[in-house]
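In what follows, a structure is listed as structure tokens, so that the remarks can point back to it.
The values are calculated or read from the model by the stated rules, or taken from the named source; none is laboratory data. All of these numbers come straight from a predicted model, not from anything done at the bench. Please note: Cβ atoms are built from the backbone with ideal geometry, for glycine as well, and neighbour counts cover all protein chains shown. Heads up: the accessible areas ignore ligands, DNA and RNA and are worked out on the full protein's heavy atoms, side chains in. Shrake-Rupley method; radii C 1.70, N 1.55, O 1.52, S 1.80 Å.
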Amino acid sequence: MANLSFSLLAAPTKGSKDDTFRYIKQSIDGFGDAWKFNIPDLRVGTLDNLMALSDELVKIDHFIENVTRKLGTQISRLNEESGPGPVVALSICGVPINQFLQRFTWDSAKYDKRNSCRELSERLQEQVQNIDEEMRNKVTEYQGLAGAVSQFQRRRTGNLLVRDFSEFVNPDTVYDTTFLKTVFVAVPKQLVPVFLSTYESTVYFSPDPDSPAKAVGIVPRSATLLQEDNEYSLYSLVIIKKVEADFKKAMRENKFTVRETELNFEVNSSQSLQQMIGEKEKFKTKLATWCRVNFDEAFSAWVHLKAIRVHVEALLRYGPEVLYISTLIQPLGKNKDKKIHTGLGTLFSEYANVYQRDSNDEEVIVAGVSNEKFFPYVYLDLNADMTAEIKA
């Protein structure tokens, strides 16, 4: 799997931008690689506007990253549901993520450089908010379809307490008239003898309100075994309709379960299941395509937002009169960050904060600088592995 751990660097130039870029590559040689990350001269406004925008950009950054990561995770889950097969890596319009970052150029057609940084960031946020809302709706709809399929499968393969039993019933033997009704009872197998010996005398009713005489509420000898599994036996029997509530209560007290179900004799359960699976798979294909298209949009928006953050932080740190260079950095393996910061810290040591120079810690948090780790250069992490979990 490609290494997708990157960071964005911004620091004042030492001579020309090309010279500075060469110095950066030399300072991290053996520990990291670097690519030019060109950011246009974006409009920012006053210093007060910059400071307020800096804090807002952190929140927007986290929001857009979270949505992008959810899209990447959803794509990965849909691929896993499709079963064994080649793993298709996430890409941006067909370009691998690492190459997209290494070749990044500002998309002026989508994000007009004549707009201010605030206007651009608000547009990026709105764009991804719309994606997020639509994704929630589509995923909820897909989960509903998948849940319906799972429930239907459980009804066909579960025990007689839950499974559909329409296929075991002869519709000509089912009564639902003014006076009679066929009911279905699941009986634990060990209690079948008790059920058969007592069901006829379970409930009684008074045919004549003016007479104390009682009549049985169940049609004698109407119990018919329909199906058995390892746990239950399913019986049908005919009751007097007016005793239904008392009958159900008596069944519960005796640990028998009256199945509340609507029989469907016209629909073939196998055909119905295949139709449901087909609808789910069709929607899954559409959802996967939608996720990939909008992953491209969200990831691109996130990188553009990162570019705005780097630009704003560089202006806050060094002022508008200082020419800076922005660079994409990638560690060459694990635990190389410390070596990279040692090399870059030496290269840009004249910009180290006085508190940092006096501290024994290699990095400190400085209030008012977006709550990022402080170095003598702007340095923003960019974890582009969009299927990985991140710490909150």
_Would you confirm, using the coordinates I've provided, whether Trp290 is open to solvent by 30 Å² or more (accessible area, probe 1.4 Å) and among the aromatic types (Phe, Trp, Tyr)?_
yes
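Can you find, within the stretch 116-139, the residue that is surrounded by the fewest Cβ atoms within 10 Å (Cβ to Cβ) among those that are polar (S, T, N, Q) and at pLDDT 95 or above?
Asn137
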*Subset of the stretch 242-263 that is in a helix (DSSP H, G or I) and closer than 22 Å to Gly158 by Cα - its residue that is most open to solvent (accessible area, probe 1.4 Å)*: Arg252
*Would you tally the residues in the stretch 1-49 being among the acidic types (Asp, Glu), exposed (fewer than 14 other Cβ atoms within 10 Å of the Cβ) and closer than 20 Å to Phe375 by Cα?*
1
*When the stretch 306-324 is examined, which residues are found to be in a helix (DSSP H, G or I), surrounded by 19 or more Cβ atoms within 10 Å (Cβ to Cβ) and either of a type outside the set (A, V, I, L, M) or under 22 Å from the mean Cα position of the chain (by Cα) (or both)?*
Lys306, Arg309, His311, Glu313, Arg317
*Of everything in the stretch 325-339 that's farther than 15 Å from Leu382 by Cα and part of a helix (DSSP H, G or I), which residue is most open to solvent (accessible area, probe 1.4 Å)?*
Lys338
